[in-house]
Amino acid sequence: MSFHHGIRGKRLLECIKLKDAIRYGTTSKYANESAERRSTVDPEDVSHHSKLHEAWWKVTDEMIGLHALNRLRVPFVRDGLTNLGSGDANNVLPLRGVTIADIGCGGGIFTEALARIGATVTGVDASPQLIETARNHAKLDRDIADRISYECTTVEDFSLTRPQQFDAVVASEILEHVKDKSLFLQSCVAAIKPGGSLFITTPGRTIFSWVALIVVGEYIAHALPVGTHEWDKFISPDETRRILKSYGCDTVLVHGTLYNLLKNEWYWTTSTAIHYVIHAVKKNRHE
């Protein structure tokens, strides 16, 4: 065997072992070595969003669409979990006792909304400024403060220290901002208990999403700061499903969504061309 063939064989073996480690939520030297070599974080993207920390909770500013998205994504997660037997749909707090990690939580808009329906939520973000904003805002509501915690870290490091600890992971409006989508999704899956759920909301990668979100959203309507999105980072539903399947997740729902700028409202739609949601379930080890 040649030297180069030996190297390729060794890397293939490491990839196989890493795949199993992530799939079953185990920490190993392979997972740790991979996290050291690779990163999901785009420093420029983190810096861009960090500069918006003061606007995060101003519903009339750049974050107006993100606040409006809660009216769609909260019931999306609530119904997905209660339909699978997590929480209690008939309870005033339907997700009481359910543990959720909100990856890429920013200033905590989605984190707080999930806590208000009973979930115990850990918000995770790589931006110190946004984590500080999130922590300070959570203190304003005593009813949810004890159900929220925040960690300033990367998803890959978070998953290595918290393997298989959460009933669900939500990754809302973050997948389109990371530079290594495979590692990001692997890490999300690693933090989920077997049988638990992963919820994703993200733009599709089509000419329609480029026009709607970047050309119109950023440059014409100024609904988002210029530079918020990079079209090359968008990902199609089929590609997301393929990656999730490779790491032991069955996709149970894919649905399109659409944002009306004039009404500041989100809608369900049959088309996933501009924006979509995915609900996937992590297989039990024996499956």
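Observations, loosely collected:
- Remark: region 145-225 projects, on average over all directions, an area of 7.2 nm² (convex hull of Cα atoms).
- Accessible area per residue was computed with a 1.4 Å probe on protein heavy atoms; I64 scores about 50 Å².
- Taking the convex hull of Cα positions in the chain, its mean projected area over all directions (nm²): 15.9 nm²
- Each of the peptides 123-129, 227-233 was scored by the mean count of other Cβ atoms within 10 Å over its residues; in descending order, highest first, they stand as 123-129, 227-233.
- Computed over neighbours whose Cβ is under 10 Å from that of S197, the net charge equals +1, Lys and Arg +1, Asp and Glu -1.
- Note on V226: accessible area approximately 80 square angstrom, rounded to 10, probe 1.4 Å, nucleic acids and ligands left out.
- For the set Y259, Y267, the ranking by accessible area, highest first and with no ligand, DNA or RNA atoms included, is Y267, Y259 under a 1.4 Å probe.
- Relative to the Cα centre, the charge distribution of the chain, modelled as +1 at Lys and Arg Cβ and -1 at Asp and Glu Cβ, gives a dipole magnitude of about 980 debye.
- Square roots of five times the Cα gyration tensor eigenvalues for region 92-188, Å: 21, 15, 11
- Relative contact order %, region 112-245, counting alpha carbon pairs below 8 Å whose residues are six or more apart: 20 percent
- Each pair of Cα atoms in region 212-287 enters the Kirkwood radius, and Stokes-Einstein at 25 °C and 0.890 mPa s then converts it into a translational diffusion coefficient of 172 µm²/s.
- Of the peptides 153-166, 268-281, the ranking by mean beta-carbon count within 10 Å, highest at the top, reads 153-166, 268-281.
The values are calculated or read from the model by the stated rules, or taken from the named source; none is laboratory data. Worth saying up front: this structure is predicted, and the values here are computed from it rather than measured. Cβ coordinates were reconstructed from backbone atoms using ideal geometry, including for glycine residues, and neighbour counts include every protein chain displayed. Ligands, DNA and RNA are excluded from the accessible area calculation, which covers all protein heavy atoms including side chains. Shrake-Rupley method; radii C 1.70, N 1.55, O 1.52, S 1.80 Å.
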